[in-house]
Amino acid sequence: MNDLNTPTRIYTLELGPMENFVYIIEDTQSKRAAVVDPAWEPTAILDLAKQQGLAITDILLTHSHHDHINAVDNILFEFDAEMHLTHAEAEFWGHAGSHPSLHHGGDRLSLGDTEIEILHTPGHTPGSACYKVHDQLITGDTMFVFGCGRCDMAGGDPNQMFDTLNKIKNELPATTEILPGHNYAVKETVTMREQIEGNPFMHFDEQRDFVNFRMKRHGQVRQSPYDAVTKTCAHEWLHG
C-alpha cells in the first residue's frame, strides 16, 4: 500500500489457490476505487472497501482468464461499477457482460483525480493490458517478478510477448514499480531496473531465442519461487 499522504493508494490482496494478487486503487480525495482483476474471495475485496470507506466505481481487467475474473459478478452485485478491458480482449473473450467500456492502448481513465494509463500488452492473451498508476505498473499475467505469463494457452503468442516485454523495457522508467498478477517469486514487487537485470525473459535479444526459452526450456529448468537470473545463466539454460 502507498504512503497515507499520497493522492492515490493501492491496496494488495493475495487471494485464492493460484496466489493471485488483486489490487484496489483508491483515489483518496473522492474515495472512489477501482478493483483490478477481482477473483476468488469477493468477501475479502468488499470487506477492504468497506473498512476504508470506498465506493467501487470501476473494475479493470488485465485479461479474461477465469482466475482473474471469477469475482466480477460479486462486485457488480454490490456496486454499480463500470468494467474496463481492451477491444482485443473483449473479442477474444467473447463474453464481456453488459456494455463494458472498451479501450485501446494509450487510453487513459480518470478515477477522481487519479489518472490511469492503459497499456495494450499482448502475448499472454491477445488483449492483455497493464495499468500504469503514477510510477506503478499493474501487469496481470504479462509480467511477473522475474517471469512472464505463459504463451501456450488459447490466445497466447510468444512472438507478441517478446515484442511486448521489449516495449515495456524500453519505454518505461527504470524506477517503475512492477505489481504482478501472481505471487510467484521471492519478492512481491520489484522495479523495472531489477526486472531488466534479473528477469530471464528480458535477457534475449533474438526473438527465436526468447520463443524457444518461453515455449520449451523454461519449464524444464526453472523452479519456483522465481529469483533473479543473470543473462549468462539464462543463455546457459537455453543452450544447456
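Total residues in the range 92-150 satisfying the condition of being hydroxyl-bearing (Ser, Thr, Tyr) and either more than 18 Å from HIS66 (Cα to Cα) or surrounded by fewer than 24 Cβ atoms within 10 Å (Cβ to Cβ) (or both): the figure is 6. Taking the condition touching a residue at least 60 places away in the same chain (Cβ under 8 Å) and closer than 18 Å to GLN160 by Cβ, does ARG208 pass? Criteria not met by ARG208.
Number of residues in the range 219-240 that are of a type outside the set (Lys, Arg) and in a helix (DSSP H, G or I): the value is 11.
Hey, among the residues in the range 151-163 that are part of a helix (DSSP H, G or I) and either of a type outside the set (S, T, N, Q) or in contact with a Leu (Cβ under 9 Å, 6 or more places away or on another chain) (or both), which one's surrounded by the fewest Cβ atoms within 10 Å (Cβ to Cβ)?
By that ranking, first place goes to ASP163.
Screening the range 94-126 for residues that are of a type in the set (Gly, Ala, Ser) and farther than 26 Å from GLU26 by Cβ and picking the one that is modelled with the highest pLDDT gives GLY123. Please determine whether any residue of the range 198-210 is under 22 Å from the mean Cα position of the chain (by Cα), surrounded by fewer than 18 Cβ atoms within 10 Å (Cβ to Cβ) and of a type outside the set (Phe, Trp, Tyr). Checking the range 198-210: not a single residue is under 22 Å from the mean Cα position of the chain (by Cα), surrounded by fewer than 18 Cβ atoms within 10 Å (Cβ to Cβ) and of a type outside the set (Phe, Trp, Tyr).
Here's the yes/no breakdown for (1) under 29 Å from LEU172 (Cβ atoms); (2) assigned to a helix (DSSP H, G or I):
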position	(1), (2)
LEU76	no, yes
HIS95	no, no
SER98	no, no
LEU102	yes, no
LEU109	yes, no
GLU115	yes, no
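The residue of the range 124-148 that is nearest to HIS203 (Cα to Cα), among those that are touching a Gly at 6+ places or on another chain (Cβ under 7 Å), of a type outside the set (Ser, Thr, Tyr) and not in a strand (DSSP E or B), is PHE146. Of the residues making up the range 146-176, just one is within 15 Å of THR125 (Cβ to Cβ) and of a type in the set (Lys, Arg), namely ARG150. Screening the range 214-238 for residues that are under 14 Å from GLY198 (Cα atoms) and β-branched (Val, Ile, Thr) and picking the one that is farthest from the chain's Cα centre (by Cα) gives THR232. Residues of the range 11-21 that are assigned to a strand (DSSP E or B) and either closer than 12 Å to GLU188 by Cβ or free of Cβ contacts under 8 Å to residues at least 40 places away in the same chain (or both): THR12, LEU13, GLU14, LEU15, PHE21. Can you name the residue in the range 164-183 that is in a loop (DSSP other than H, G, I, E, B) and out of contact with any Ser or Thr (no Cβ under 7 Å at 6 or more places or on another chain) and, of all such residues, is farthest from GLY106 (Cα to Cα)? Out of the qualifying residues, it is ASN183.
Scan the range 185-212 for residues that are part of a loop (DSSP other than H, G, I, E, B) and within 19 Å of ASP135 (Cβ to Cβ) and jot them down.
Filtering the range 185-212 down to residues part of a loop (DSSP other than H, G, I, E, B) leaves 186-189, 199, 203-206.
Within the range 185-212, LYS187, GLU188, THR189, ASN199 qualify.
Out of curiosity, is ASN170 of a type outside the set (A, V, I, L, M), over 17 Å from the mean Cα position of the chain (by Cα) and surrounded by 14 or more Cβ atoms within 10 Å (Cβ to Cβ)? Answer is no for this residue.
The values are calculated or read from the model by the stated rules, or taken from the named source; none is laboratory data. Note that the structure is a prediction, hence the values are computed from the model and not measured. Note: ideal-geometry Cβ built from the backbone for every residue, glycine included; neighbour counts use all protein chains shown.
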